[in-house]
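Input: a single structure, listed below in structure tokens.
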Amino acid sequence: MTVNHLVTGSNPVSGATFLCYNPSTFLRGINTLLNTTTQDTKQTLLYIFIAYTFSILLRLIWVYQFGDYIPFHYNGQFMINTNDGYYWAEGARDLLSGNQTNPHAKEYFDKFHQFHDLSSVTTAAAQLTAFFVKILPFSFESIIFYMPVFLSSLVVIPIILIARVLKNLDMGLIAALLASIAWSYYNRTMAGYYDTDMLNIVLPMFLLWSIIWAIQTNKNIYLLFSALDILLYRWWYPQSYSLEFSFFGLILVYILIFDRKNLYNYKLLAIMMFAMMYADGVIRFALVIGAYFFFRDKKYDKFVLYIVGASTFAFLLSGGINPVLEQLKRYVFAENVTDSKNGLGLHFFTVMQTIREAGHIPFETFANRISGHTVTFLISMLGYFYLLFKHRIMFFTLPLLGLGFLAYVGGLRFTIYAIPPLAFGIAFLIVEIATKMPTIKLKYLSMLAFTLAILYPNYKHIDAYKVPTVFNANEVKVLNTLAKKADREDYVISWWDYGFPIRYYADVKTLVDGGKHTGNVNFPVSYILTHPQVQAAKMARLDVEYTEKIAHLVDMKKEGNIDVNMKIFSNIEEMTKDYGLDDTNDFLALLSTDITIPKKSRDIYLYLPFRMLNIYPTVTLFSNIDLMSGKQAKQPFFYLTRNIEDRGSKIQLGNNIFLDKKTFNLTLGNQTISIRRFVQTGYTKDLKLHKNVQFLDKTSNMNVIYMSNYNIMLLLDEKTYNSLYIQLMVLENYNKNLFEPVILTPDAKVYKLKI
């Protein structure tokens, strides 16, 4: 190609010079490329294009359904529909804001955010997002909303490439179509589901492809591909250890059984081990590149086994096995209550037992999430075993299948890993049946019919899966207003479900969030939200000041400015000991008295969304426990219903519960009880709360609140009625000495702590 075939241009925004091809020359080049490309490659590219387009189009169904629904938009942009997405969005936002937030910070990425704010600036998702925002001509909100659509759909590429190894591209297309939209994968990669899941299957599938090609071809380039994919996968998803280690173990078993004398296989093990080390990515990358060039030269083949030994030693020395054990402990052997073996030995309620995606699931749900239907799942299993029988190289899909089946004990989030292997299984069976047809026409008609049959349940799920955005537009408006009032060093207290979006929209600090929600940090926040205002206010100030204090102590330990052997326990334990006590029950009792609390270092706000009413009983679990013994106390009475039906003299509240209109007595089954208060709340046209309180029986422990604007009836015992959340959010009964209202709306209320 001559220089005359190039045209020089300039980017009007950056002024950068670029080169582009003359259109006619470009088209001739494409034509030449197509003429020299094999038919097999053309078919591969065509199938990839079809499957990728199909995956994207079905993910746009949700966009079409809610395109005109205003509550899901803010500033004319769709909002995302996963809480965790705001964690990555916060980090990307901070990276794009520049490095002048903390210009004198020692660590490079600390320059982009305030200290101890838990920003995700060091994560791959935040960095990749910031990169896309820099190079693409779209808004930040559009990029984070559509990233999962386009990135997750890349899973079709390795699926079809693996099928090409087996010389069965039709199987690859069918498997790619199914895997790309199967229930669980769609749910976690749909439009707006901005989370690491958008590449969490794509990257291991590319790893599987490179391993299969390495074993099949023995080409050195696939040694490099496999190791680099592990590095990339670890960068993207640090919890990838378990799957990497499973692939490694299966390769080792395969080699020992089928191919012990092939030196290439040991090269693959060694370079994978270097990539899997529990060490800095730069170190692992250097070792991988070094090993690759070493293995390319055959004169060093006599040292390969020594390199395998060295890589194994380095892996173990770096603690490479520890993350695997931690993941198993977290998801498989999780307990309801954890205790600290040191210090006061406090016991805390664990969060894993309250997260739906980390709990046990029934078989039908398990099967549907993997294949779309129980029948499809069972047929897929048969096809998968038949595939293994015909192509033993597909045994390398077992780690994915095994991790997917972990969903039975570890929760539904793992089901996405089993989708590609079983998609291969049913696709292989469909193609095998189709090849038995007497004519070519019947062959392709049968493949089409069977493929549509397995896709249809998944399409129906997608069409019906109308999940909301994390917050609605009114809630986001509250947080944006708060951002203008609060300082970046201030804290906003709310339940951990809302931590990430609070930090993203209000640009403040939080005590708990979707990543920081162990029992010991949840206890104080749960206590604040579910206890009376006096105790709650003191705990709020204590927990914030101790959070900052302990964060600084941790920094000092890292820098060697204090004894590195000094043990730092939970906030609540440090509080107990600092007040000269060794029993947290005694310390909590002190909060009802006139105790001295730490000096105010920053403002504290309470964010109380209406939506938290639905999870109030769950919130209480974390502080309704004796920290010294681990015994759960009796749960406070809380009943919420929207099923309100007028039955003449009585109002039925569902579940065989009735409220007598005349006496206001409650009938719960065969039991009739009086109530202490009946409260009716409602909002005026200018959104001011109006409430009417009727005092009925001061000896009763039961209260009824009718929230007329929400059509909700609450039945609460006295403890729940007097909790901070009910008093401030539902009733706006705030202690003027402790709190001042900042923002009051039906969707969310914000109060400022005055002490």
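Worth a mention:
- Looking only at residues in the stretch 401-439 that are farther than 11 Å from M171 by Cβ and charged (D, E, K, R), the one that is modelled with the lowest pLDDT is R413.
- When N565, N520, N561 are screened for being of a type in the set (S, T, N, Q) and either assigned to a helix (DSSP H, G or I) or modelled with pLDDT of 95 or more (or both), only N520 passes.
- Checklist (1) within 22 Å of L529 (Cα to Cα); (2) assigned to a strand (DSSP E or B) applied to K719, failing item: (2)
- On the stretch given as the stretch 83-104, residues that are on the phi < 0 side of the Ramachandran plot and open to solvent by 10 Å² or more (accessible area, probe 1.4 Å) total 14.
- In the stretch 344-372, residue farthest from L452 (Cα to Cα) [restricted to those that are at pLDDT 75 or above and surrounded by fewer than 15 Cβ atoms within 10 Å (Cβ to Cβ)]: G345
- Scoring W236 on the criteria (1) surrounded by fewer than 24 Cβ atoms within 10 Å (Cβ to Cβ); (2) farther than 22 Å from Y86 by Cα; (3) touching a residue at least 40 places away in the same chain (Cβ under 8 Å) leaves a single failure, condition (2).
- Pairs where the first residue, in the stretch 251-262, is in a helix (DSSP H, G or I) and the second is of a type outside the set (V, I, T), C-beta under 7 Å, 6+ apart: I251/L268; I251/L269; L252/L269; Y254/F395; I255/N265
- Some residue of the stretch 213-229 being open to solvent by 30 Å² or more (accessible area, probe 1.4 Å), modelled with pLDDT of 95 or more and in contact with a Leu (Cβ under 7 Å, 6 or more places away or on another chain): no
- Residue within the stretch 273-293 that is touching a Ser or Thr at 6+ places or on another chain (Cβ under 7 Å), within 15 Å of I211 (Cβ to Cβ) and touching a residue at least 12 places away in the same chain (Cβ under 8 Å) present: yes
- Residue, surrounded by the fewest Cβ atoms within 10 Å (Cβ to Cβ), within the stretch 680-699, restricted to residues that are part of a loop (DSSP other than H, G, I, E, B) and polar (S, T, N, Q): T699
- I562 vs. criteria open to solvent by less than 50 Å² (accessible area, probe 1.4 Å), more than 17 Å from K516 (Cβ to Cβ) and either in contact with a Ser or Thr (Cβ under 6 Å, 6 or more places away or on another chain) or of a type in the set (V, I, T) (or both): yes
- Members of the stretch 121-157 found to be free of Cβ contacts under 8 Å to residues at least 40 places away in the same chain and either surrounded by fewer than 17 Cβ atoms within 10 Å (Cβ to Cβ) or aromatic (F, W, Y) (or both), listed by number: T122, F131, F132, K134, I135, L136, P137, F138
- Of residues in the stretch 504-517 being in a helix (DSSP H, G or I) and more than 16 Å from the chain's Cα centre (by Cα), the one surrounded by the fewest Cβ atoms within 10 Å (Cβ to Cβ): Y505
- Within the stretch 656-679, the set of residues being assigned to a strand (DSSP E or B) and open to solvent by less than 80 Å² (accessible area, probe 1.4 Å) comprises I657, F658, L659, D660, L666, T667, L668, I673, R677, F678, V679.
- Odd one out for F115, checked against (1) closer than 27 Å to M198 by Cα; (2) open to solvent by 50 Å² or more (accessible area, probe 1.4 Å); (3) of a type in the set (F, W, Y): (1)
- Of the residues K650, K634, the single one that is free of Cβ contacts under 8 Å to residues at least 24 places away in the same chain, within 29 Å of Y498 (Cβ to Cβ) and of a type in the set (D, E, K, R) is K634.
- Some residue of the stretch 179-192 being among the charged types (D, E, K, R) and open to solvent by less than 10 Å² (accessible area, probe 1.4 Å): no
- Just one of the listed residues (M707, M702, M713) is crowded, with 16+ Cβ neighbours inside 10 Å and closer than 24 Å to K477 by Cβ, namely M707.
- Test for D487: is it open to solvent by less than 10 Å² (accessible area, probe 1.4 Å), at pLDDT 95 or above, under 26 Å from P741 (Cβ atoms) and outside any helix (DSSP H, G or I): no
- Residues in the stretch 587-598 that are open to solvent by 50 Å² or more (accessible area, probe 1.4 Å) and in contact with a helix residue (DSSP H, G or I) (Cβ under 8 Å, 6 or more places away or on another chain): S592 only.
- Given (1) closer than 16 Å to A506 by Cβ; (2) open to solvent by 30 Å² or more (accessible area, probe 1.4 Å); (3) at pLDDT 95 or above, index of the condition N75 fails: (3)
- Being of a type in the set (A, V, I, L, M, F, W, C), buried (at least 18 other Cβ atoms within 10 Å of the Cβ) and not in a helix (DSSP H, G or I) is a property that holds for I80.
- Residues located in the stretch 275-293, provided they are hydroxyl-bearing (S, T, Y) and open to solvent by less than 90 Å² (accessible area, probe 1.4 Å): Y292
- Meets criteria (assigned to a helix (DSSP H, G or I), over 16 Å from the mean Cα position of the chain (by Cα) and over 18 Å from P420 (Cβ atoms)) for L208: no
The values are calculated or read from the model by the stated rules, or taken from the named source; none is laboratory data. All values reported here derive from a predicted model rather than from experimental measurement. Heads up, the Cβs are rebuilt from the backbone with ideal geometry, glycines too, and the neighbour counts pull from every protein chain shown. Ligands, DNA and RNA are stripped out before the accessible areas are found, and what is left, the full protein with its side chains, is counted by its heavy atoms. Shrake-Rupley method; radii C 1.70, N 1.55, O 1.52, S 1.80 Å.
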